[in-house]
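Asker: Attaching a single structure in structure tokens format; questions to follow.
Every number here is computed from the coordinates shown, using simple stated rules; none is lab data. The shown structure was predicted, so the numbers you read here are calculated from the model rather than taken from an experiment. All Cβ positions, glycine included, derive from the backbone under ideal geometry; neighbour counts span all protein chains shown.
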Amino acid sequence: MTALSSPAFAAGTPQYGSVKLNWSVNTQASMQIVTQYASHAFTQGSSAVALEPSSAGVCGNSAAETAFNLSYGALNPSLSSSVGCNYPSAVAVSVTTNDSNGFAVTQVVDSTTSVGSYVGFCSFPNTGASPVALTSLSTSSRTAPAAGTFASHLLTGCASGGTALPYGTAGNENGGGTGSPGNANWTSNNATEWNTSAGAAWVSQASAATSAVYAGEDIQLNLDAGAPSTAATSAYITLILTPQ
């Protein structure tokens, strides 16, 4: 029996083939915004705030806010020198991205009118050039910054630690875009203009942020000497999240 059955049950030789699977992973990035944020808390504020004047009497009266608005009140310019009114803990962002090269957030002023004449804005980061964990998100501990400097009524510089925010391409400013400022449905009408090279650098990271990272800043409004009563009274700051 053994001699007859052994050849009948010998194992066969397997053969192999393969199929190659191909794919790529797209970059995903998300940014959320709050205004009047609290230290160590990414929450939307709405109360009156203590505005910080570069000199006594510059800022208007603080009032309760609505989301994604920064109100400086009725400002008092000087006839002889530039003045500034700083809004502490004005804006915070939360960023997540799977881009292994990281991201950059830049800023540009978008306006329905030529705000740049006599009016300028300075950003004062509260978390440096790199984002932090939520537990390290900080509010301003500085005293009111000195006013920015102007040349031919255009803002050219800010006090130490501040960055002057540029304006959209002349003639193409349009006061923002569609949707509600600060929300995910906000779309700048000039999206092709708002890029890393056009905006002022705020915060960046050279690696993926699969867990949310945060940054906060003050925004100072500056008026040049003799700013006229007809100067522009509103503008938008557009924040641009750019995967790297």
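Asker: First obtain the Kirkwood hydrodynamic radius of the stretch 35-168 from its Cα pairs, then insert it into the Stokes-Einstein equation at 25 °C and 0.890 mPa s, and state the resulting D in µm² per second as a whole number. Don't jump to the answer; show the numbers that get you there.
Answerer: Working: Rh = 16.2 Å.
In µm²/s, the coefficient rounds to 151.
Asker: So how do 211-223, 145-157 stack up, highest first, on mean other-Cβ count within 10 Å? Kindly include the intermediate steps, with their values, before the conclusion.
Answerer: On the way: 211-223: 23.4, 145-157: 17.7.
My ranking of the peptides, most packed first, is 211-223, 145-157.
Asker: Most exposed first by the Cβ proxy, i.e. fewest other Cβ within 10 Å, how do TRP23, TRP202 rank? Before the final figure, lay out each step's value.
Answerer: On the way: TRP23 4, TRP202 22.
Ordered from fewest to most neighbouring Cβ atoms within 10 Å, TRP23, TRP202 come out as TRP23, TRP202.
Asker: Expressed in nm to one decimal, what extension gain is obtained for the pair ALA201 and LYS20 from 0.36 nm per residue of sequence separation less their Cα-Cα distance?
Answerer: Contour length minus the Cα-Cα distance gives 60.9 nm.
Asker: Subtract the Cα-Cα distance of LEU134 and SER71 from 0.36 nm times their separation in residues, and report this length gain in nm to one decimal.
Answerer: Numbers: separation 63, 0.36 × 63 = 22.68 nm, distance 2.55 nm.
In short, 20.1 nm is gained.
Asker: Report the extension gain between SER141 and ALA64 in nm, rounded to one decimal, defined as 0.36 nm multiplied by the number of residues separating them, less their alpha carbon distance. Walk me through the numbers before you get to the answer.
Answerer: Numbers: separation 77, 0.36 × 77 = 27.72 nm, distance 2.19 nm.
Length gained between SER141 and ALA64: 25.5 nm.
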